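Colleague: Here it is, the structure in full.
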Amino acid sequence: MSKTSALIVLTGAAALLAGCGSSGLLGRERPDEFAVQRQAPLVVPPDFSLVPPAPGAPRPSDTSASQQAQDALFGPAQPRSAVETAVDNRAGVAAPSIRSTVGDPATNTVAKGAVTRDIIAAPQGDGREAQASAGN
């Protein structure tokens, strides 16, 4: 019995080991998946409406990666409504460095008092604790 079981185990191990080989009945040629790449078109049709760019002019297709990502996510900038345009015109244009100026320690501010400090320092919530009373 031991010779028979040893022969069966040996035959099974030989069959499993033969499956690891790349030649013979189980071996076949496979394409190399890393060698596949896109090929450029062989012929580019001429576009006669194109004109050569002016020397030193930026390329029209060159945009930053962040701008391309923003355009892909949100689309091009939408035109402003008449109301937005009127509000912007009445408010005036802020200086481009307004955030730096406001955060500057040398910027003069007006103290609004303890009530304003309490409002700013209040914990964030959904307003359940807030109460309003009308004057009687």
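The values are calculated or read from the model by the stated rules, or taken from the named source; none is laboratory data. This structure is a prediction, so every number in the text was calculated from the model and none was measured. Reconstructed Cβ throughout: ideal geometry from the backbone, glycine too, with neighbour counts over all protein chains shown.
Colleague: Tally time: how many residues in region 105-116 are at pLDDT below 80 and either surrounded by 10 or more Cβ atoms within 10 Å (Cβ to Cβ) or touching a strand residue (DSSP E or B) at 6+ places or on another chain (Cβ under 6 Å) (or both)?
Modeller: So the answer is 1.
Colleague: For region 1-34, name all the residues that are modelled with pLDDT of 85 or more and among the basic types (Lys, Arg).
Modeller: Residue satisfying the conditions is Lys3 alone.
Colleague: Go through region 75-93 and give me each residue that's surrounded by 10 or more Cβ atoms within 10 Å (Cβ to Cβ) and among the small types (Gly, Ala, Ser).
Modeller: Ala86
Colleague: What do you reckon, is Asn89 out of contact with any Leu (no Cβ under 9 Å at 6 or more places or on another chain), assigned to a loop (DSSP other than H, G, I, E, B) and without any contact (Cβ under 8 Å) to a residue 12 or more places away in the chain?
Modeller: no
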